[in-house]
């Protein structure tokens, strides 16, 4: 008889690692039957954006567990201690941990759970069993039965349709940046176009300018300029636990208003340190009349094409309506992720669950964009009374602290864990 697991976690990045930690610390690891599946070889975080000198824009104590359990073995502070870097780290005077250090911290946490993780295995299909008692999860290697599914696959990249004409080997994103540029020769003359005004776009713009010293690097932004990230302590209250409940209960109109006001705390903005480095780089190069790096401000990209050699970008300056046509070797698109919802740049459900859209049980406000997601991050489908949890995918329903920030991971996971236990008791 096929074993039915209590749950399967799909993805083993920060969100589900945090869940594994809390299950262990609550002595549930031996009481439940579960496993995690991840298609990567390990849990290295943001492996394609580990750019030298970049940080995580987050204080170290808002890690995977400390807000819930400050005495946890799995805190960032204990990671430093266990790796003999505690005093060395604090000797740096860093306000925020380096991204590479934090990636190593997350991988260190994950290394303690290898016995319940199947790496290099890819989930290709999820079905509801005919009897309605469980889900069937099919991977490239095996088929599993589970009462509950916990999705922590991360949000899908949003690449606007205007870039559909660019072949895969010429289009670069934050999911393949390091791998792609490592194949190129630093001394050659390339033409790069970086699209977007986020922290990632600014970091990539600077990285390309520093690395490929004979190349042209152009930044396309729709606004007049890069904008400094809003780090006001009052704006940062969006990352407080009490804001989750307030945001969840708000109607769509109020949520849109809040998002517009708070967007710069986490999106479409960059740290002043990175912007200062870009400014100095551009000024320094102008001293020798070298203008190989340029910001194409107020630029709306109208179309792209590829002739087998070059990518052509046609853009419009939104201030004076002038049209510009330029050729590039590579285009790096930093245009964000798809949140859950009904708009053009969103997706109604994660790709693995799309086929269940017609089976969604709308127990909540049917007129809302995301009220099919419960307060406990659950989705319900016709034909089964056990939920699928969305771990780190619910920014549209639960607020800006959910998907794009470490700050509330441990709070969210604690809520999911308690709800999970209640369901398994039924």
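Quick note: the coordinates plus some simple rules give every number you see, no bench work behind them. What you are looking at is a predicted structure, and each value in this text was computed from that prediction instead of being measured. Heads up, the Cβs are rebuilt from the backbone with ideal geometry, glycines too, and the neighbour counts pull from every protein chain shown.
Key figures for this structure:
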| item | result |
| --- | --- |
| Calculated P(r) of segment 181-293 - Cα pairs past 22 Å, % | 46 |
| Net length gained if the chain between residue 282 and residue 48 were fully extended (0.36 nm per residue, minus Cα distance) | 81.7 nm |
| Folded to 0 to 90 degrees: helix 252-262 orientation relative to the chain principal axis, Cα | 50 |
| Read-out Rg and Dmax of the Cα atoms in Å, derived from the coordinates shown; its label in (i) 22.7, 75; (ii) 28.8, 114; (iii) 23.8, 80 | (i) |
| Cα shape, segment 285-426, gyration tensor, a/c 1.5 rule | prolate |
| Among 407, 132, 399: highest mean-square fluctuation, GNM of the chain, C-alpha pairs under 10 Å | 132 |
| Sequence ranges 97-107, 37-47, 16-26, ranked by mean other-Cβ count within 10 angstrom, highest first | 16-26, 97-107, 37-47 |
| Burial ordering of 331, 319, 195, fewest other beta-carbon atoms within 10 Å first | 319, 331, 195 |
| Where only C-alpha atoms are counted, convex hull volume of segment 124-169 per residue in Å³ | 135 |
| Tensor-based shape of segment 7-107 (alpha-carbon gyration tensor, a/c under 1.5 rounded, otherwise prolate or oblate) | oblate |
| 0 to 90° range, to nearest 10: angle between helix 272-286 axis and the chain longest Cα axis | 20 |
| Top of 259, 165, 27 by mean-square fluctuation, Gaussian network on the chain, Cα under 10 Å | 27 |
| Gaussian network model of the chain, springs between alpha carbon atoms under 10 Å - residue of 183, 395, 303 with greatest fluctuation | 183 |
| Anisotropy class of segment 221-375 from Cα gyration tensor, a/c 1.5 cut | oblate |
| Tail beyond 15 Å, pair distance distribution of segment 105-192 (Cα, percent) | 76 |
| Order of 29, 168 - criterion: other Cβ atoms within 10 Å of each residue's Cβ, fewest first | 168, 29 |
| Isotropically averaged projected area of segment 42-196, using the convex hull of Cα atoms (one quarter of hull area), nm² | 14.4 |
| With Cα atoms, 0 to 90° folded angle of helix 409-425 axis to the chain main axis | 30 |
| Cut-off 15 Å (backbone N to label point 7 Å along Cα→Cβ of residue 291), residues of segment 205-220 | 216-219 |
| Chain lengthening between residue 307 and residue 141 when straightened (0.36 nm per residue, less Cα-Cα) | 55.8 nm |
| Antiparallel %, DSSP beta bridges [both residues in the chain], to 5 | 45 |
